[in-house]
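Here the structure comes first, spelled out in structure tokens, and everything after it is commentary.
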Amino acid sequence: MAAVREKEAVLVLEDGEVFRGRAVGERDRRGEVCFNTAMTGYQEVLTDPSYRGQLVAMTFPEIGNYGVNPSDDQSPKVQVAGFLMRELSERASSWRATGTLREYLAAAGVVAADRIDTRRLTLRLRQQGVCRGVLSTEPIEVAEAAAMAREWSYGERDFVREVTCAEPYAWEDHPAAQDFPEDGEGARGGAAAKAPLRLAAFDFGIKYATLRLLRWAGFTVRVVPAGTSPEEILAGGFDAVFLSNGPGDPAGLPALHRTVQALLGKKPIFGICLGHQLLAFALGGRTFKLKFGHRGANHPVADLETKKVRITSQNHGYAVDPESLPPNVRVREVSLNDGTCEAMAHEELPIFSVQYHPEAAPGPNDGLGWFSVFRAMAESGRPLGGGPGGS
């Protein structure tokens, strides 16, 4: 194997703290520094539009050991602002691999670094909270980089506008529309044998795995841009509406609050992640920023009605304030780590949402059943009853 050229990379936080490592890529990039605790799924993390504008540090010590495969992409391109690792594996050991992670990052032009002390970085973020930073593979003064970081704002930027599709499209016509792996079989719940329902899926940063599971659950999926008006949705003959995940501060998207609000009571609605938060605003609620967010594939969530615990995949920096929700909206699930709202359901309307990523890309399959629950709710037009495996 040819020797890898050594070049220094530096991460400078807004307060001037410095983390040095080896460059894997070129240039410099500003972003919100956060960490992900997943042991696998780095390609899904890289291509998840919810990470737009963020410098993501992986806490698992070796990243890239099973290589990359086009089937694992969750969007058309790498979305993270930058990528931080303790050690980049130069060998792809999986039979599925079509290349190494280094080759993948280079082809995508990603600013990345390994040999970063990700343990120290993660402890810093857990103790003091997420912060802004600059990742550079070129010589830069620490004071200059820290000033650049402080000048940048994550909350004031409309990242949804950057990641949403330009035009509506039928998912079945998309090049990435392929059958979900066999371990997703349980998500269908027999719905595939029924006549498909027409679904409008808002693309706030939607993932391919989500679209595959919606199709498997028995929907004919039409993906629509974030700016699509409620009038267009209501005139489109859809049976239900899906609100996808996505990046940014949900409080800074008032136009989307109004769009969702105009659809309440008109169509069955299911929201995940950013869609969950936008639904909260449409219902009269609000959100707040978490100290260091929930990002990983091992987050335990308790269903308050079925008393079951799900291990979930999560990627969010904001949470719904349960005290702000109206009386006819109940909190359905809570995080067992910090008690925050992980799911909610309307008592009178066919509307529910979850904060985590039930499509399991990457992560455990515990939440897959929500897609068949949504199909059943869309078909009946009744409020949410039991959850996956519930009665």
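Only the coordinates and a few stated rules stand behind these numbers; no lab work does. All figures in this text were calculated on a predicted structure; none of them were measured in a lab. Heads up, the Cβs are rebuilt from the backbone with ideal geometry, glycines too, and the neighbour counts pull from every protein chain shown.
Results, tabulated for the structure shown:
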{"item": "Order of Glu342, Glu141, Glu87, Glu8 under a 10 Å beta carbon neighbour criterion, fewest first", "result": "Glu141, Glu8, Glu87, Glu342"}
{"item": "Cα pair distances exceeding 21 angstrom across region 223-351, given as percent", "result": "39 percent"}
{"item": "Rg and Dmax of region 8-151, Cα atoms only, in Å", "result": "14.2, 46"}
{"item": "Compactness relative to 2.2 N^0.38 Å, alpha carbon Rg of region 160-380", "result": "0.92"}
{"item": "Semi-axis lengths, Å, the chain, gyration tensor of Cα atoms, sqrt of 5 times eigenvalues", "result": "35, 23, 19"}
{"item": "Residue order, fewest to most beta carbons within 10 Å, for Ser50, Ser89, Ser313, Ser71", "result": "Ser71, Ser89, Ser313, Ser50"}
{"item": "Per-residue ³J(HN,Hα) for region 194-204, Karplus 6.51 cos²θ - 1.76 cosθ + 1.60, θ = phi - 60°, Hz, x for Gly and Pro", "result": "8, 5, x, 9, 8, 10, 9, 10, 5, 9, 9"}
{"item": "Stretchable slack from Glu90 to Val18, in nm (0.36 nm times residue separation minus alpha-carbon distance)", "result": "23.4 nm"}
{"item": "Among the listed pairs Lys194/Lys267; Lys7/Lys289; Lys267/Lys289, those beyond 25 Å (Cα-Cα)", "result": "Lys7/Lys289; Lys267/Lys289"}
{"item": "Length released on extending from Thr98 to Ala166, taking residue separation times 0.36 nm less the Cα-Cα span", "result": "21.5 nm"}
{"item": "Those residues of region 42-59 whose amide nitrogen sits under 15 Å from the label point placed on Ile140, 7 Å along Cα→Cβ", "result": "53-56"}
{"item": "Helix-only [θ]222 nm of the chain, DSSP H runs n ≥ 4, -39500 (n - 2.57) each, per residue, nearest 500", "result": "-6000 deg cm²/dmol"}
